[in-house]
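We did not get these values from a lab; they are worked out from the coordinates using the rules stated. All values derive from a computational prediction rather than experimental measurement. Methodologically, a virtual Cβ is constructed for each residue, glycine included, from the backbone with ideal geometry; neighbour enumeration extends over all protein chains shown.
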Amino acid sequence: MDGVVEIITGRERRRRWSTADKLRIVGETLEPGVRVCHVAARHGVCESLLFAWRRQVREGLLVEPDLPVFMPVRMLGTPAAAPSPPSPCSAPAAAPGRSQAGLIEIELGDGRPVRVGADVNQAALRRVLAALRG
C-alpha cells in the first residue's frame, strides 16, 4: 500500500485572521488576472471564506478600524500667568474654594477652545467633540 499516514494529536483550532490580514488577502484577489483559488491556496484559506470576506468588504462590514487621532499639545503658561480672555465655549468660572487645577482645555482645529473639568464624563466628552468636529 502506498499512502500517507497522518497522525492527529489534537483538535485543530480555527485560525483567527486580523482585519488587516483579511483586507490584504482580499486586496490580492482584486488584482487583474489573479484567480481567487490561487490566492486561497497560497494563504491556506477556503475559497468560500475569501468570497465571504469580499462580500463583507463590498457591503462595508469589513473595514479597517479607525485609529485614534493625536493632536499637538502645547502648554500656554503656568497657573501664575495672566488668565486668558473668555471665549464663547469657555466653562463657567469655578465656584469659590474650587480649584481649577483639573481644568483641561482642548483647542479644536479651527481655533475654538473647549474647557472641561477633570471629572468630566468621558462618553459625554466624546459625543461633544464628535459633534463639534462634524
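Quick look at the numbers
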item: Contacts under 7 angstrom Cβ, first residue in segment 39-58 being small (Gly, Ala, Ser), partner in a helix (DSSP H, G or I) and surrounded by 14 or more Cβ atoms within 10 Å (Cβ to Cβ), 6 or more apart; result: 40/47; 40/50
item: Enumeration of residues in segment 105-122 that are in a strand (DSSP E or B) and closer than 16 Å to residue 69 by Cα; result: 106, 107
